[in-house]
1. So, in segment 1-32, exactly how many residues are of a type in the set (Gly, Ala, Ser) and either touching a Leu at 6+ places or on another chain (Cβ under 8 Å) or part of a helix (DSSP H, G or I) (or both)?
2. Just one of 45, 35, 57, 50 is in a loop (DSSP other than H, G, I, E, B), under 30 Å from residue 5 (Cβ atoms), without any contact (Cβ under 8 Å) to a residue 24 or more places away in the chain and among the β-branched types (Val, Ile, Thr); which is it?
3. Search segment 51-96 for residues being among the charged types (D, E, K, R) and at pLDDT below 85, and hand back the single one that is surrounded by the fewest Cβ atoms within 10 Å (Cβ to Cβ).
4. Against the conditions (1) in contact (Cβ under 8 Å) with a residue 24 or more places away in the chain; (2) at positive phi; (3) not β-branched (Val, Ile, Thr), where does residue 17 fall short? Just the number, please.
Amino acid sequence: MAKLSLEEVETIAELAKLTLTDAEKAMFQEQLSDILEYAEMLQKIDTTGIPPTASAIPLKNVMRPDVNTLSLDNEEALFNAPQTDEGSFKVQAVLE
């Protein structure tokens, strides 16, 4: 693929709402051209026989099963609370 022109870089910058200096335009012209050349090289790779996929790594469920287990009773949960009121944590009001 041919190298991007400065006008194309300016158009891309305008679409991205970026204000670029002349030095930045030249830098991005090189970088974007390199990226497009690499993408073109990837397009040439023979992928016949390779099924389409959404992920390159196998997916597995990382969630634990939802199982009922023993938990703290109310008295244990409130044991270290600085203030309690009728079986609940008592806190200072945040909004007046």
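The values are calculated or read from the model by the stated rules, or taken from the named source; none is laboratory data. No experiment lies behind these values; they were computed from the predicted model shown. Positions of Cβ are generated from backbone atoms using ideal geometry, with glycine treated the same way; all protein chains shown enter the neighbour counts.
1. 3
2. From the options 45, 35, 57, 50, the qualifying one is 45.
3. 96
4. Tallying (1) in contact (Cβ under 8 Å) with a residue 24 or more places away in the chain; (2) at positive phi; (3) not β-branched (Val, Ile, Thr), residue 17 fails exactly one: (1).
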